[in-house]
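Notes for the one structure printed next.
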2 protein chains.
Amino acid sequence: MSTANIASVNHQVRLARRPKGMPVAEDWSFTEEPVSSVADGGVLVQTLSLSLDPAMRGWMNEGKSYIPPVGLGEVMRAGGVGRVAASAHPAFAVGDMVYGTLGVQEYALIPKEAVARSGLAKIDLAAGSVGQWLNVLGMPGMTAYFGLMDIGLPLPGQTLVVSGAAGAVGQTVGQLAKIKGCRVVGIAGGAAKCDWVVKELGFDACIDYKAGEAAVREGLKAHCPQGVDIYFDNVGGDILDAVLARLARGARIIICGAISQYNNTTPVQGPKNYLSLLVHRASMKGMVVFDYADRYPQAVAELSGYLRDGRMTSREDVVDGGVAAFPDALLRLFEGKNFGKLILKVAD
Amino acid sequence: MSTANIASVNHQVRLARRPKGMPVAEDWSFTEEPVSSVADGGVLVQTLSLSLDPAMRGWMNEGKSYIPPVGLGEVMRAGGVGRVAASAHPAFAVGDMVYGTLGVQEYALIPKEAVARSGLAKIDLAAGSVGQWLNVLGMPGMTAYFGLMDIGLPLPGQTLVVSGAAGAVGQTVGQLAKIKGCRVVGIAGGAAKCDWVVKELGFDACIDYKAGEAAVREGLKAHCPQGVDIYFDNVGGDILDAVLARLARGARIIICGAISQYNNTTPVQGPKNYLSLLVHRASMKGMVVFDYADRYPQAVAELSGYLRDGRMTSREDVVDGGVAAFPDALLRLFEGKNFGKLILKVAD
């Protein structure tokens, strides 16, 4: 067993209550624990940066989903990049940079039997920065890659629309679709994001949904004159309905998420234009990135190649406040305030 | 050119007005015309039986769909079986039994250039009765066959649910799925239909949706303990939502129709449980039977084989009132009053 300099106290954020609608301060509790020492086969990881994701809102709800909910009183689940601080596991040495489900805490003690479940894996900072390992090379990038390639089935010349275009998944979906030869139209909130999506990411157009429902409808009509062949949906709600009304024959819709609906206190808004699937012989398919875990290395290799050769770029929005800043930082996602992949920096 | 005994007057039903909600008497007009004689290459068909289909309601609406709407003042579109009464076309002789888009009229004059478009084709009454040629061997059967086989992808041991189970499409979907080795659960309206579906068609269970939403939910839970692998949806609305809540991983939903929504005067009810597609990695795909036209012969051969060897049966609900009975007969579909494939008998 080897160790490094380790703090004595581990600050943690726990789920205190199941939120109704948008999470509030009372839904969280803050705890301190002594930093544990590793037992046989375990790994102690110091958290450096945590990934803040829309999916976290779903994990806070009770009930069956694609993953069990976070239990009341448990440390909030979060993926992150860290540095191995102590190891009794043969595959990890002190100082190794790793990705895994670390949780919203400064130190994650991962027992031997939980190493696989937490997805703990060494990462190579030559392939991408810490931020990129939580973005293009992390879950959002994997989601973009397999959703687009396995469900979207992009063909050169086809038109792809992606919502949340400036967000973590959207930025990679659109850039990858451009590389695959598609015409790419983003939907994002505000002129600054739309400008960046077109000028920096190279999308063919970007529609500002904050300009209103009519602007979204008109924008889709103007920028997708042949209809939409692929829609990568991160938001649901009215935007999903607007795209359904513009499908091309044989269109594929990837249901990746529905951030517009996650904090509803009323039932989810179902897509009232879903019969467009019939008219246009189109399909709508859901995906969960974890199903593709055995193919992550292939996607990481391809995407890191694009980062290296300059065909792809990325943007991270880093909140530098330690774990105590987690509750407020998370809300930025649901308010559309993040610009790029939202990351919470916990340590250097 | 050959001719047979032909009446002098052709009675027709035309679309006079676009319905709002359920069609009413004022939406139709009744006309009489002299029966035309055939010009070079044309065919005159005497209508024997017409197919009454939920899709007709969509054809009455303005606006783009998978097929142009029926124009105001035009004879209402309908598929039917008829007998060639006069022919100047080399492929058809007087007395031939044919299927085609005949319209709600006693005689259909099909000019040479419209023969292909109307789908006019000779039928063999040794393969099935006139009623069966409008049911199992006609559009409903083709819809059932290609929807199930091409989109549903049935595997032995999997659970299929079909709504409108006693209807034209549903009866063939369920029987074919049984032949392919699936566990089959129907949803139909009323005890009589449910009894027939289980006892005569051999479904494993049938849920009576008229017993209420809770009964549908409980029925799905009881009869689909491993979840629903394939849902063939003819109805939409609350039943679609109830099935979405019971999907098995990797489920396929075939969107064939949504009879519960066709007469809405409010927006279509979107499936509020659509995010179940994500949780269960499931897909929802629309279909239009006309896309499979070049493969109809294959399906007819297979299905008529099952009718002959007794592995499949069919039920037609024949209204015997001539074309004047069309408006009232059509409403039986939307009121769920038909028991089996609804057919309007026009002549012997």
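The values are calculated or read from the model by the stated rules, or taken from the named source; none is laboratory data. Computed from a prediction, not measured in an experiment: that's the story for all the values here. Note that each Cβ is placed from the backbone with ideal geometry, even for glycine, and that neighbours are counted across all protein chains shown.
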ask   = Do you know which residues across segment B:50-75 are closer than 18 Å to B:K337 by Cα and either out of contact with any Gly (no Cβ under 6 Å at 6 or more places or on another chain) or not in a strand (DSSP E or B) (or both)?
value = B:L52, B:D53, B:P54, B:A55, B:M56, B:R57
ask   = Tell me, which residue of segment B:277-297 that is aromatic (F, W, Y) and surrounded by fewer than 19 Cβ atoms within 10 Å (Cβ to Cβ) is modelled with the lowest pLDDT?
value = B:F290
ask   = Of these, A:S65, A:S87, which one is in contact with a Phe, Trp or Tyr (Cβ under 9 Å, 6 or more places away or on another chain), of a type outside the set (A, V, I, L, M, F, W, C) and either more than 20 Å from A:V13 (Cβ to Cβ) or at pLDDT 95 or above (or both)?
value = A:S65
task = From the list A:V268, A:V300, pick out the single residue that is more than 10 Å from chain B (Cβ to nearest Cβ) and either more than 24 Å from B:D233 (Cα to Cα) or outside any strand (DSSP E or B) (or both).
result = A:V300
ask   = Just wondering, is there one or more residues in segment A:237-244 that are facing chain B (nearest Cβ under 9 Å), of a type in the set (V, I, T) and buried (at least 22 other Cβ atoms within 10 Å of the Cβ)?
value = no
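For the condition touching a strand residue (DSSP E or B) at 6+ places or on another chain (Cβ under 9 Å), polar (S, T, N, Q) and farther than 25 Å from A:P140 by Cα, what is the one hit in A:S49, A:S29?
The match here is A:S29.
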inquiry  = Given (1) within 15 Å of the chain's Cα centre (by Cα); (2) under 16 Å from A:P271 (Cα atoms), identify the lone condition not met by B:V289.
reply    = (2)
Matching residues in segment B:76-105 - criterion: being in a strand (DSSP E or B), hydrophobic (A, V, I, L, M, F, W, C) and buried (at least 21 other Cβ atoms within 10 Å of the Cβ) = B:V81, B:V84, B:A85, B:A86, B:V98
note = Here the qualifying pairs (Cβ atoms under 8 Å; residues six or more apart or on different chains; first in segment B:279-308 and touching a residue at least 12 places away in the same chain (Cβ under 8 Å); second assigned to a helix (DSSP H, G or I) and basic (K, R)) come out as none
Hey, A:L331 touching a residue at least 40 places away in the same chain (Cβ under 8 Å) and out of contact with any Leu (no Cβ under 9 Å at 6 or more places or on another chain) or not = yes
query = Just for segment B:320-339: of the residues that are out of contact with any Pro (no Cβ under 8 Å at 6 or more places or on another chain) and buried (at least 19 other Cβ atoms within 10 Å of the Cβ), which one is nearest to B:V81 (Cα to Cα)?
reply = B:V323
query = Quick one: is B:L278 part of a helix (DSSP H, G or I), facing chain A (nearest Cβ under 7 Å) and more than 18 Å from B:I67 (Cβ to Cβ)?
reply = yes
ask   = For B:D229, all conditions in the list (1) under 17 Å from B:G167 (Cβ atoms); (2) crowded, with 19+ Cβ neighbours inside 10 Å hold save one; what is the number of the exception?
value = (1)
ask   = Mind checking whether some residue in segment A:187-206 is within 14 Å of chain B (Cβ to nearest Cβ) and either within 23 Å of the chain's Cα centre (by Cα) or in contact (Cβ under 8 Å) with a residue 12 or more places away in the chain (or both)?
value = no
inquiry  = Any residue that is over 20 Å from B:G321 (Cβ atoms), away from chain A (no Cβ under 14 Å) and hydrophobic (A, V, I, L, M, F, W, C) - is there at least one of those in segment B:3-16?
reply    = yes
